[in-house]
Amino acid sequence: QQINQLATTEYIFTKTIQATDELTWYKWGERKILINCRAGVKAGVNLDQLTENDITVSGKKIELTLPPAAITGINIKPEDIRVAYQQTGIFRDKFTPSEVNQLMQVGEKQIMEAAASTDIVKQAGNNAALLVEAALRQLGFEQITIKQAATKPTQG
């Protein structure tokens, strides 16, 4: 449990976000922007969720049920966000940093949805089981059984 979050898998996603602002009735002209970004999405298991009921030890034999794997976070570094294109009408201002940030929040949500449709959670669970098994072998256990708790459906 000292490890807490055991992130075992990271996928890198690229996302292009485009926005057009030409329907504002009180402003003449249009604004368009194209933003490219790169994000790392991590998945793993939260070992804080382990309870005594999840571990059975008998001599050099251990049975362990790992908590369900889940996406643990997303990381979009500022240097991985690039405005690739911006067009602004003569009567319009460029997109503000706040507006770009709002667009990035939408992009982050879309990246998380894309990640959820991959096998990242399954792979993270498998990788966690392999890492924990190797650690238990180093502790001297000879017969190791690792189960994974069922993954909980994500709420959206």
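Search the structure for amide H atoms under 5 Å from the amide H of Thr8, placed 1.01 Å from N in the peptide plane, and list their residues when 5 or more places away or on another chain.
Ala43, Gly44, Val45
Positive end of the dipole of the stretch 16-156, charges at C-beta (+1 Lys, Arg; -1 Asp, Glu), about the Cα centre: which of Asn126, Ala43, Ser98 has its Cα farthest in that direction?
Ser98
With springs only between Cα atoms under 10 Å, which of Thr16, Thr72, Thr96 fluctuates most in a Gaussian network model of the chain?
Among Thr16, Thr72, Thr96, the largest mean-square fluctuation in the Gaussian network model of the chain belongs to Thr96.
Can you give me the % of accessible surface on the chain that is carbon or sulfur? Probe 1.4 Å, all protein chains present, nothing else counted.
Details: 5260 of 10590 Å².
That share works out to 50 percent.
Can you tell me the orientation of helix 97-116 relative to the chain, as the angle in degrees between its alpha-carbon axis and the longest Cα principal axis, to the nearest 10?
Between the helix axis and the principal axis of the chain, the angle is about 40 degrees.
How many Å² of accessible area per residue for the stretch 1-104, probe 1.4 Å?
Values: 6890 Å² over 104 residues.
Here the per-residue accessible area is 66 Å².
The values are calculated or read from the model by the stated rules, or taken from the named source; none is laboratory data. For clarity, every value in this text was computed on a predicted model and none was experimentally measured. Ideal geometry is used to build each Cβ from the backbone, glycine not excepted, and the neighbour counts take in all protein chains shown. Note: areas computed on protein heavy atoms with side chains; ligands, DNA, RNA excluded. Shrake-Rupley method; radii C 1.70, N 1.55, O 1.52, S 1.80 Å.
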